[in-house]
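Here, each number is a calculation from the coordinates, and none is a lab measurement. In this text the structure is predicted, and so the values were computed from the model without any measurement. Heads up, the Cβs are rebuilt from the backbone with ideal geometry, glycines too, and the neighbour counts pull from every protein chain shown.
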Amino acid sequence: MSYDNLFNISWALLVCSSLLCVFGLIVSFKYYGGDCRTEPRAFNYLMRSVCWVWIASIVAVFVFGLLALGKNS
């Protein structure tokens, strides 16, 4: 798999996880008032996992973007 494909996959993952983070924030503030103590434990774990995927995809976009640029130059 080339760096271009990995860059595109990581970019798509970043977009999807960003949308899930925004959706989770909307749900958290609409239904639970932004108080993490009243959220269900499963929702809390799910949002924590989504945020870790978001952080990892930011790093992956940066790394694979640099690798793809280095390969193409």
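Observations on the model:
- Column: log10 I(q)/I(0), Debye, Cα scatterers of the chain, q = 0.25 Å⁻¹: -1.01
- All other residues whose Cβ lies under 14 angstrom from that of residue 39 are scored, Lys and Arg at +1 and Asp and Glu at -1, for a net of +3.
- Distance between modelled label sites at residue 71 and residue 49, nm, 7 Å Cα→Cβ extension: 3.0 nm
- Each Lys and Arg contributes +1 and each Asp and Glu -1, all at the Cβ; summed about the Cα centre of the chain, the dipole is approximately 120 debye.
- Of 27, 65, 15, farthest towards positive along the dipole that unit charges on Lys, Arg, Asp, Glu beta carbons give the chain: 27
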